[in-house]
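Please read the structure below before turning to the comments.
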Amino acid sequence: MALFATIMAAVGLGLSAVSQLPGVKDVAVLPVKDIGGGLFTTGLVILVVDYLISRNLIMAFLADPDAMNRIASPDMVDRIIESGLDSRLNDPVLARDLYTDLREHVIDVDERRYDTHVSITLTPWQNGPAEGEGAMFVATVRWDYRVTGRTGVHRFACVGDAGEYRQLLRDPTVTKVVHMDPRTGLDPGAADVFELVEFTINGVSQRIEHRRRDGGQVFSAESPDVGGGERHVSYTYRALTPRHGHLFYIDIDRPTHGIRADFTHHDCGIRYVNVPDFLGSPRDPWVHRSPETSSTSVISLSHDGWILPKTGITYTWTLHDELRSGGPAGH
């Protein structure tokens with residue numbers, strides 16, 4: 001409409017100018033001047049009205065975001081957002097890629113989590129050597145969070161294939177997946193390698209089903225329909241992690257607002273634990289360590305803002321015996 005009105009006003013202005021030429025005045029059969037003036041005025045009025053309508057429409061979208069959903073299709077909304085990013089970044093390729101990532105990580109996901117609390121406790125594995133090759137820690141991990149989104153089956157998997165692990169990370173029915181590297185010599189399907197201990201919804205324990213297969217195992221639990229709205233989810237699992245691996249990683253695989261993670265170890269021979277910041281947020285997390293005089297060593301990490309998927313929390317450790325022997329960790 002703006003283009004049509006501009007052309008109309010330009011034609012009207014041109015006719016008005018032509019009507020003033022002496023030759024045109026003498027031979028003109030039609031009232032060129034009046035036609036030109038009418039076209040120019042009409043085009044100008046359409047431009048003003050279009051501007052006011054567009055301005056009021058934008059203000060209405062800002063005041064009531066639901067109005068955009070009622071008026072525009074999802075594809076149109078996506079184009080509007082990409083155009084807005086382009087106008088701010090002055091880079092259409094960057095704007096398109098950023099919004100594509102945002103859709104994959106936030107808009108197209110099945111749930112959003114709030115006030116997440118994760119507790120990780122390491123203890124020595126009693127069914128293997130205490131040190132050296134094959135020495136393991138047992139990681140007992142508990143997740144608590146409020147969630148909005150889907151109900152249905154929640155699956156917890158342990159696999160040895162790295163490709164399958166990455167594939168399951170993108171599966172909306174998989175709540176947690178653990179990768180057990182085959183080089184550890186452990187069977188990802190063994191009972192003491194991975195186990196889902198408990199799964200609760202709003203404080204009520206749910207029945208857990210277990211299926212073992214070649215190269216891994218899957219635990220399944222049903223999330224009942226509690227009438228929509230928000231639910232409180234809690235689950236606890238145990239998994240082995242190599243003592244000499246010096247690494248334990250927590251995946252953030254859903255959009256999460258507010259998280260606290262507490263890391264504890266008992267009788268593991270760990271001298272020091274480091275927590276690199278891989279949360280991918282411009283806001284720095286808060287890290288607190290218990291005093292060295294405390295009987296229990298706890299490292300707490302907190303973050304109050306949003307954390308996007310494909311990030312996580314990493315814990316690395318140095319062992320007492322490595323420091324005494326002057327190994328790589330002691331240099």
Please state the Cα pair-distance histogram of the range 192-271 with 10 angstrom bins from zero: what percent is in each bin?
-> 12, 36, 36, 14, 2
If you take the alpha carbon radius of gyration of the range 137-250 and divide it by 2.2 N^0.38 Å, what ratio comes out, to two decimals?
-> 1.08
Over the range 173-255, give the accessible area per residue in Å² for a 1.4 Å probe, as an integer.
-> 46 Å²
How many percent of the alpha carbon pairs in the range 241-282 exceed a separation of 11 Å?
-> 79 percent
Sorted on mean Cβ neighbours within 10 Å (highest first), peptides 302-313, 248-259 come out as 248-259, 302-313
Which order do the peptides 153-160, 270-277, 281-288 take when ranked by the mean count of other beta-carbon atoms within 10 Å per residue, highest first?
-> 153-160, 270-277, 281-288
Computed lengthening from GLN126 to HIS320, 0.36 nm per intervening residue step minus Cα-Cα distance = 67.9 nm
Once the dipole of the range 103-151 is set up from charges on Cβ (+1 Lys and Arg, -1 Asp and Glu), the residue from the list ALA130, VAL118, VAL147 lying farthest towards its positive end is VAL147
ARG283: net charge of surrounding residues, Cβ under 14 Å, Lys/Arg +1, Asp/Glu -1, itself excluded?
-> -3
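The values are calculated or read from the model by the stated rules, or taken from the named source; none is laboratory data. Owing to the predicted nature of the structure, the values given are computational and were not obtained by experimental measurement. No Cβ is skipped: glycine too gets one built from the backbone with ideal geometry, and neighbour counts run over all protein chains shown. Protein only, heavy atoms only, side chains kept; ligands, DNA and RNA dropped before computing areas. Shrake-Rupley method; radii C 1.70, N 1.55, O 1.52, S 1.80 Å.
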